[in-house]
Amino acid sequence: MASGKEQEQQGFKQAKCVKVHGPIIVGAGPSGLAAAACLSQQGVPSLILEKSDCIASLWQQRTYDRLKLHLPKQFCELPLLGFPANFPKYPTKSQFISYMESYASHFNIHPKFNQAVKKAEYDRVKGIWRVQTEHLEYHSRWLIAATGENAEPVIPEIAGCGKFKGAILHTSEYNSGSKFKNQRVLVIGCGNSGMEVSLDLCRHNAIPHMVVRNTVHVLPREMFGMSTFGVAMALLKWLPLRLVDKLLLLGANLTLGNTDQLGLKRPKTGPIELKNVTGKTPVLDVGALSQIKSGKIKVMEGVKEITKNGVKFMDGQEREFESIILATGYKSNVPTWLKGCDFFTKDGMPKTPFPKGWKGGNGLYTVGFTRRGLLGTASDAVKIAHDIAGEWKAAKDSIRSCNSHVIIHLDHDGAK
């Protein structure tokens, strides 16, 4: 009986092979589209493989209705094409999807949909990447991992989950609070998603309780009429990072008050430094904090155990709930399909930190893993396209040179 590795090798051999002249891009989200657009501008063709049936599937299929960009649109543009001028400062979910679709159309990007990558591995003998889907195997000199850091929901193991008689769902399955009217709902997680879902539940007359397991930085989305993120970016051009963090926290305390008193204790490390070191994003408040202050959103300590009718908390409290929503974030899925490569950590993130994590070895590239949002994506896509274009043009020049030598040789033979 064949071993697991032998079965994988047989799968590669049995699949129909397709030679791809340019890079293979895995993922048709913003990262994959940005890479393809930048390559196209450099005259390099590419092929995007996407496991779902649409572009930007996270945005189209796994986000809640009230979602808007947390940052002003100028910080969320992909390379070479900005948002329409008539879009608001913070575009809605539907506007962002419309922008993605226009972007793909503008650059004539046509991903191959329903092509989940089962395995991608570098063939050292042939010097190519072999990328296997269910029925096909694609070959290319270059592979761009563009599935990003938010590919799969994080589902934590919590004692007693199987006992609960109500609904337990991840925010990726949450659309609107309208389904939870008059329900007592526990939201586990206090990041941007946890805060916004709790706020949405409030506005649909549910009774949300939000679990705060760790320290968290909450900042106003705007300070003194300006985007907090924009203020931070401007200050970082002139001031040391830690001083900028102190100024942001001073502004946050003046605007929001002391969040520690609400059960939202701040980390000792400043918000920008913490983001750079750990990837943990500060919460940009869009209204949830006022609901916490009024008591409409109740802050709870960590969950000890889920029971049949509710939850036992770490502080000894026990409460009943009809539904539980996991606002526990997302993770990379690279380790499930990229094999024989030590460029990524076991968590599916590049081992080399930003700004040099975009390039691996043997023609491997990554986009969407910077922990710096769409700004990081845009930066990496431009670098990747420039790097591959150099190799692409060199290879084409080499072929032309070989062909011209053959023609000259034939002419000489004919003259004899």
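Residue by residue, region 181-194 carries 3J(HN,Hα) couplings of 3, 6, 8, 7, 10, 9, 9, 9, x, 10, x, 4, 5, x Hz when phi is fed to the Karplus relation 6.51 cos²θ - 1.76 cosθ + 1.60 (θ = phi - 60°); x denotes Gly or Pro.
Net charge of the neighbourhood of ARG62, taken over other residues with C-beta under 15 Å away and scored Lys/Arg +1, Asp/Glu -1, is -3. Placing unit charges on the Cβ atoms of the charged side chains and taking the dipole of the chain about its Cα centre, the candidate lying farthest along the positive direction among PRO282, GLN61, GLY148 is PRO282.
If you sort the three axes of the alpha carbon gyration tensor as a ≥ b ≥ c, you get a/c of 1.5 or more for region 133-246 and a/b no higher than b/c, which makes it oblate.
Only helical DSSP H runs with n ≥ 4 go in: add -39500 (n - 2.57) per run for the chain, normalise by residue count and round the 222 nm mean residue ellipticity to 500 deg cm²/dmol. Present the calculation step by step, with values, prior to reporting the outcome.
On the way: 10 runs with 137 residues, N = 416.
Helices in the chain give a 222 nm mean residue ellipticity of -10500 deg cm²/dmol.
Residue by residue, region 255-272 carries 3J(HN,Hα) couplings of 7, 9, x, 7, 6, 4, 5, 9, x, 10, 6, 7, x, 6, 7, x, x, 6 Hz when phi is fed to the Karplus relation 6.51 cos²θ - 1.76 cosθ + 1.60 (θ = phi - 60°); x denotes Gly or Pro. Within the same chain, lysines fewer than 8 places from LYS118 are excluded, and of the rest, those with a Cα less than 26 Å from its Cα are LYS5, LYS13, LYS16, LYS19, LYS51, LYS126, LYS331, LYS339, LYS346, LYS351, LYS359. Within the accessible area of the chain, the carbon and sulfur atoms contribute 53%, probe 1.4 Å, all protein chains present. Net charge in the neighbourhood of LYS304 (other residues with Cβ under 11 Å of its Cβ; Lys, Arg +1, Asp, Glu -1) is -3. Under 5 Å between amide hydrogens, built in the peptide plane, is the criterion, and for THR307 it picks out LYS312 among residues at least 5 positions away or on other chains. Where both bridge residues fall in the chain, DSSP classifies roughly 40% of the beta bridges as antiparallel. Modelled spin labels at ASN362 and LYS93, positioned 7 Å past Cα toward Cβ, are 4.0 nm from each other.
Show me the trypsin sites (Lys or Arg not before Pro) within region 243-275 that DSSP assigns to loop and that have at most 15 other Cβ atoms within 10 Å of their Cβ.
Within region 243-275, the qualifying trypsin sites (Lys or Arg not before Pro) (loop, at most 15 other Cβ atoms within 10 Å) are LYS265, LYS268.
Normalised by 2.2 N^0.38 Å, where N is the number of residues, the alpha-carbon radius of gyration of region 154-330 equals 1.08. Across the chain, Cα pairs under 8 Å and at least six residues apart give a relative contact order of 21 percent. Given 0.36 nm per residue, what is the gain on full extension from SER102 to CYS54 after removing their alpha carbon distance, in nm? Roughly 16.0 nm would be gained on extension. Derived scalar couplings between HN and Hα for region 242-250 equal 5, 5, 4, 4, 5, 5, 4, 5, 5 Hz in order, rounded to whole Hz, by the Karplus curve 6.51 cos²θ - 1.76 cosθ + 1.60 (θ = phi - 60°), x for Gly and Pro.
For ALA116, the shell of other residues with beta-carbons less than 13 Å away shows a net charge of 0, using +1 for Lys and Arg and -1 for Asp and Glu.
Calculate, in nm to one decimal, what LEU241 and LYS312 gain on full extension: separation in residues at 0.36 nm each, minus their alpha carbon distance. Working shown, then result.
Values: separation 71, 0.36 × 71 = 25.56 nm, distance 4.05 nm.
Full-extension gain reported as 21.5 nm.
Structural descriptor for region 206-281: relative contact order 38 percent, calculated from alpha carbon pairs under 8 angstrom and at least 6 residues apart. Straight-line cross-link reach from LYS73 at under 18 Å between alpha-carbon atoms covers these aspartates and glutamates, not counting any fewer than eight positions away in the same chain: GLU101, GLU222, ASP285.
Rolling a 1.4 Å sphere over the protein heavy atoms, what is the accessible area per residue of region 154-330, to the nearest Å²?
I get 49 Å² per residue for region 154-330.
The label point for THR336 and the one for VAL154, both projected 7 Å from the Cα toward the Cβ, are 1.6 nm apart. Around the amide H of VAL187, modelled in the peptide plane, lie the amide H atoms of HIS209, MET210, VAL211, ILE325, all under 5 Å away and 5 or more residues distant in sequence or on another chain.
Across the chain, the longest piece that holds none of the GluC sites (Glu not before Pro) lying in DSSP loops with up to 15 other C-beta atoms within 10 Å covers 158-300.
The values are calculated or read from the model by the stated rules, or taken from the named source; none is laboratory data. Predicted, not measured: the structure shown is a model, and the values here were computed from it. Because the Cβ atoms are built from the backbone with ideal geometry, glycine has one as well, and the counts that use them run over all protein chains shown. For the accessible areas, the whole protein counts, side chains as well, though only heavy atoms, and no ligand, DNA or RNA atoms are used. Shrake-Rupley method; radii C 1.70, N 1.55, O 1.52, S 1.80 Å.
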